[in-house]
Each structure stands twice: as C-alpha cells, then as structure tokens.
1. Do the conditions hold for E92, that is, is it part of a loop (DSSP other than H, G, I, E, B), at pLDDT below 95 and of a type outside the set (A, V, I, L, M)?
2. Can you tell me how many residues within the stretch 67-84 are surrounded by 18 or more Cβ atoms within 10 Å (Cβ to Cβ) and either touching a Lys or Arg at 6+ places or on another chain (Cβ under 8 Å) or not in a helix (DSSP H, G or I) (or both)?
3. Can P106 be described as touching a Pro at 6+ places or on another chain (Cβ under 9 Å), at pLDDT 90 or above and more than 20 Å from T19 (Cβ to Cβ)?
4. Residue check: is A47 free of Cβ contacts under 8 Å to residues at least 40 places away in the same chain, farther than 28 Å from V197 by Cβ and either crowded, with 19+ Cβ neighbours inside 10 Å or not polar (S, T, N, Q) (or both)?
5. Which residue pairs have Cβ atoms under 9 Å apart, sit 6 or more places apart or on different chains, and have a first residue in the stretch 53-73 that is closer than 16 Å to R123 by Cα and a second that is surrounded by fewer than 17 Cβ atoms within 10 Å (Cβ to Cβ)?
6. Criterion first (in contact with a strand residue (DSSP E or B) (Cβ under 8 Å, 6 or more places away or on another chain), at pLDDT 95 or above, farther than 22 Å from P106 by Cα and of a type outside the set (D, E, K, R)) does A41 satisfy it?
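The values are calculated or read from the model by the stated rules, or taken from the named source; none is laboratory data. This one's a predicted model, so the numbers in the text were calculated from it and none came from an experiment. Methodologically, a virtual Cβ is constructed for each residue, glycine included, from the backbone with ideal geometry; neighbour enumeration extends over all protein chains shown.
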Amino acid sequence: MTGAVLTIGVAGGTGSGKTTVAREIVRALPAGTSCIVDFDAYYRDLAHLTLEQRALVNFDDPAALETELLCAHLDALRRGEAVDKPRYNFAEHVRRAETERIEPLPFIVVEGIHVLSQREVRRRLDVKIFVDTDADIRLLRRIRRDIEERGRSLDDIEQQYTRTVRPMHLRHVEPSRRHADMIIPEGGGNQVAIGMVVGALRRLAEPG
C-alpha cells in the first residue's frame with residue numbers, strides 16, 4: 001500500500017456509470033477523507049488548432065490524454081503534496097485558465113475510461129475497479145450527456161460514436177477489464193458492490 005494516500009482507479013466504457021460509482025464511493029467514505037481525480041480533465045490543450053481541426057481529433061484514443069501529467073500528479077499526491085488539476089472546456093476542446101486544487105486526502109479516486117488501459121496509471125493504483133454495463137445502455141447515456149452537458153448534435157454524436165468511440169472501446173477499454181481487482185455490473189445502481197468496495201477500502205486504510 002502507499003501509506004497515507006490510497007489510490008482507487010474506476011474505469012469502464014463511456015456511459016457505464018463509472019462517474020456515479022466514483023461519487024458513491026466518495027459519498028460512502030468518511031466526510032473529508034476522499035476526492036475524485038477525473039482523467040477527462042487531462043485532455044491535451046488543443047488551443048493551437050482551429051476549432052474545425054480540433055473536432056477531427058480522436059478523443060477516445062489514449063493519446064489524446066496527457067497521461068504523463070496525471071501520473072506526475074498521482075506521484076505528488078502519494079508523496080503528500082497538493083496538485084493543481086486542469087479544467088477542460090469540452091465544447092471548445094481547450095484547457096480552461098483556472099485549475100482545481102486537489103489535496104492529498106487518504107482516498108484518491110481516479111476515474112476515466114482509460115484508467116486501466118494505461119500501464120503507467122495502473123501501476124500507481126492500489127485498487128482497480130471496472131464498471132461493466134451493457135452497450136445499449138451506455139450509448140443512451142452518452143447521447144443524453146453529450147446533448148445536455150456538451151451541446152452536441154445527434155448527428156455529431158452518431159458520427160463520433162461510429163468513428164472513434166466504439167472502435168477505441170473495443171481496442172483499449174474493454175480489454176482493460178482484465179486488470180481489475182473488482183468488476184461492478186450495472187454501474188452506480190449496484191449498491192451491494194459499492195458497499196463491498198467501501199468496506200474493503202476502510203480495512204486497507206487501517207493501520208497495521
């Protein structure tokens with residue numbers, strides 16, 4: 001274990017409910033002892049490209065993420081140092097000027113589709129979780145999120161799903177489940193599994 005800071009990775013396909021699982025874990029742990037580091041915040045800044053060029057980038061490929069910065073931040077948190085997590089503008093595909101301060105709390109939950117597909121991230125995790133949800137449910141959730149939260153049209157969502165989301169899921173995300181210590185079916189609605197995870201985390205954090 002890492003001592004004062006315990007790192008928990010939560011991965012799964014788009015719309016699988018991994019964000020809900022991560023939030024439920026934080027909610028169930030003692031107040032003030034945990035926080036979430038979302039891998040999505042580490043998308044590379046594309047301000048040097050035109051908006052049209054940015055739209056052509058494969059955001060479902062791990063290369064679109066600044067994995068090395070996430071790893072540096074996880075290393076710092078494990079050393080007991082605070083970090084300034086990026087904030088991302090998903091509508092314009094650029095990083096915001098402001099950042100978010102993350103303190104080295106006892107439990108750091110790292111959430112994102114590629115959390116388990118990237119070896120350098122995996123080796124910095126104490127507990128690895130994969131959220132497994134049927135593809136049709138994941139797609140419906142993705143459509144709703146992209147329309148309501150990211151202002152995208154249905155045509156844009158369909159093109160992106162067939163061009164990058166599904167191929168990258170099959171190539172990178174789905175195979176990463178083999179690295180999980182625990183697989184949670186049905187996402188955030190599986191309170192039994194989440195309760196088991198929280199109980200295990202509390203035991204791991206106990207001294208001795």
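1. Judged against the criteria, E92 is a match.
2. 4
3. yes
4. no
5. T67/E120; E68/E120; L70/E120; C71/E120; C71/R123; H73/D84
6. Against the criterion (in contact with a strand residue (DSSP E or B) (Cβ under 8 Å, 6 or more places away or on another chain), at pLDDT 95 or above, farther than 22 Å from P106 by Cα and of a type outside the set (D, E, K, R)), A41 does not qualify.
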